[in-house]
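S.K.: What follows is a structure written as structure tokens; I'll ask about it next.
FYI, it's all coordinate maths here, none of it is from the lab. Keep in mind it's a predicted model, so treat the numbers as computed, not measured. Here the Cβ is made from the backbone with ideal geometry for all residues, glycine too, and neighbour counts use every protein chain on show.
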Amino acid sequence: MASYEKFIRIGIALDPIHVGTGGARIGRVDLTIVRDPVTQVPKIPGSSLAGVYRTYVAMHYEDQRQQQIQQASQSGQQASQSGQQASQSGQQASQSGQQASQSGQQASQSGQQASQSGQQASQSGQQASQSGQQASQSGQQFQGRQKPYYPDCAGLGLDANRGHCRQPDCPVCTVFGFASGAGQGGGFAGLAAFTDAHVLLFPVPTRQGPMWVSCPMVLRLVGLEVKGVEDNAVYLQSGSNNQTNNQTNNQINLGWLLLPVKTCAQMNTITSQLQKSWGIPDYICNRLALVPDRLFAHIVNSNLEVRTSVSIDPATGAAEEGALFSYEALPRGTVLVWEIIAKNPAHFKIGGTPITLGAAQAPTAPAGAAQAPTASAGAAQAPTAPAGAAQAPTAPAGATQAPTASAGAAQASTVSAVANPADVHDVTKQAHPYLEHLGIGGMGTRGMGRVKVIHANQSPSNQTSNQTVQCNSAAAGQTTSSTSQGGGQP
Ligand SMILES: [Zn+2]
């Protein structure tokens, strides 16, 4: 099995995203976002992604654990109730036996026997009731995992008491690693590696409505090698877009930047790959614009969302003096791409034990809970009263139904959190609904940060073959309408 598998993730910003540099800068805005030092294009650092993924995955498994606790508690209570019913049935049997005893002196001995049997039935019922209560208690205590995933396994895990659990059956600690605790062994780097998230498609206002801008440099990240995008121009798909461009003297503005329009002869190849392989919606792919790499950073940085905020002085209800600040963000609709590299768990050990073997002492169901007896043994022996005596009733059906408490208590067994790279990837996927609703980056409660992750039906993308696309129409051997539009020969 491969040592690793690579998974490409595509996300669309549902809100502006502000992943800040953590400090102020002298310039246009106070709170800047992280940029690639070479291209100057904003990005989301892989460390930010990893931290947010970790927190959300821990939240997911904690939600799941709480549900299991609730279910175990409920099935325990049901066992307890059934036990009480069994006890009551036994008491009824006892009373009937005593009545039998009183009536009919000749039947006295038989009646006393019936009475004793009834008392035995009652005792059995009470035992059933106690077992049921034990089952209920153990259900409430939940013999599965005691330590919460969240917040313990989220975060840095440096707190001695509430730090990472460090167990091989913990999906959070295995996939995201754990810190070396005080007096414990070393840390573990984790099985999932996150790259920075890069801007793949960037929405820009034009007089034709919004367009999503990309460039050869970033399309390479999704396996597209685009050639022929070299002039200071906007390369569009030939067709409907182009006809409208005719009316505007074959130029279009990307933000404030006015550029000549050219056509990309093989734009269809790009759009179909973005749609089919990566699941990027039509409304974006149909409005694709390519620019050369050198223009991309200018266009992105000129069209970031910039917000200005001010604190409100509670005493006056007006703006607080000196509390004005501005911050920038990737705008809503930005399409980001990042990679998750899933290492093979079979190559790693925690505390000397292979991760794939799981936890050594996974708790099993407590002895008491599993032994909740059916009350039938004693109760079923309540004899029918001999002739002449009132009939000692057989214990009613209810008494035999004391359930074993298995449903809640038996669920724990030895589990390894992850067995292969696909499992590692599956764990990270649990964070995606949270990313879509709780978001990433700053100002999360101020209309910022939500990212919708697209799940195209892609397997690990190791085998994704690179595709070469030729945008230069002459080189592609296709004479398109672009040559007759006076946009300049390539
Ligand atoms: Zn853990």
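S.K.: Can you work out the FRET efficiency for the pair residue 282 and residue 225, with r the C-beta to C-beta distance and R0 = 22 Å, to the nearest 0.05?
M.R.: Calculated value: 0.40.
S.K.: Which whole-number percent is the relative contact order of segment 265-326 (Cα, under 8 Å, 6+ apart)? Write down the numbers at each step before the final one.
M.R.: Numbers: 30 pairs, mean separation 12.0, N = 62.
About 19 percent, as a whole number.
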